[in-house]
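Below: one structure, written as structure tokens.
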Amino acid sequence: MIPANGVFVDFGCGKGRVLLLASEFGFAKVRGVDFAPEFCAVARSNYIVYQNRTGVKTEFRIIESDVVDYVINKEDNVFFMYNPFDGVVMSRVLDNIAASLEMQPRRILIIYHNPVHSNIIEERCIVFKSKELTFKGSYSYVVYSNEDLGDQSSKTL
């Protein structure tokens, strides 16, 4: 399901834990976006410690910014959200994703944990609900894509 050229973007990355996990799933590049300078500093520090301990070669970048101001790169194709913001901000982020897809068509995934605003995603029609995943038994996610991912059933990782 993860594209071979996957670039993982975590909107509201906090201290960067999900970014570290993404590197274990084979992403060559991970991006974290957060507006809190103190979280960004911790995320950068956490990655350095993690990289030194594991030797992972993932390109890691933390962007200190409001998510609505993040310019989505044409290579960004996997977006992660852990219910990081309200519906208004969610709508603006989705507008940015849609604009990016218009400029550079590509397959994307939106992985949404605790999908409080899933209705906003589903109403936009830029992506559709593709899968429900359970990770390590207790973390459930909804995966959206703009392309058919095949089997629509739930998966456990």
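The values are calculated or read from the model by the stated rules, or taken from the named source; none is laboratory data. Just so you know, these numbers come straight off a predicted model, no measurement behind them. Reconstructed Cβ throughout: ideal geometry from the backbone, glycine too, with neighbour counts over all protein chains shown. Calculation scope for accessible area: heavy atoms of the full protein, side chains included, ligands and nucleic acids excluded. Shrake-Rupley method; radii C 1.70, N 1.55, O 1.52, S 1.80 Å.
Points to keep in mind about this one:
- Test result for residue 31, part of a helix (DSSP H, G or I), charged (D, E, K, R) and under 16 Å from residue 15 (Cβ atoms): no
- Residue 42, sole failed condition from (1) at pLDDT 95 or above; (2) not in a helix (DSSP H, G or I): (2)
- Sub-6 Å Cβ pairs linking a first residue in segment 1-14 that is among the aliphatic types (A, V, I, L, M) and at pLDDT 95 or above to a second residue that is open to solvent by less than 10 Å² (accessible area, probe 1.4 Å) and part of a strand (DSSP E or B), at least 6 apart or interchain, are 9/31; 9/79, ordered by first then second residue.
- Conditions (1) open to solvent by less than 20 Å² (accessible area, probe 1.4 Å); (2) more than 13 Å from the chain's Cα centre (by Cα); (3) within 19 Å of residue 145 (Cα to Cα): number failed by residue 40: (3)
- Test: residue in segment 61-71 that is part of a strand (DSSP E or B), open to solvent by less than 30 Å² (accessible area, probe 1.4 Å) and of a type in the set (Gly, Ala, Ser): no
- Qualifying position, being under 24 Å from residue 92 (Cα atoms), in contact with an Asp or Glu (Cβ under 9 Å, 6 or more places away or on another chain) and open to solvent by less than 10 Å² (accessible area, probe 1.4 Å), among 18, 9: 9
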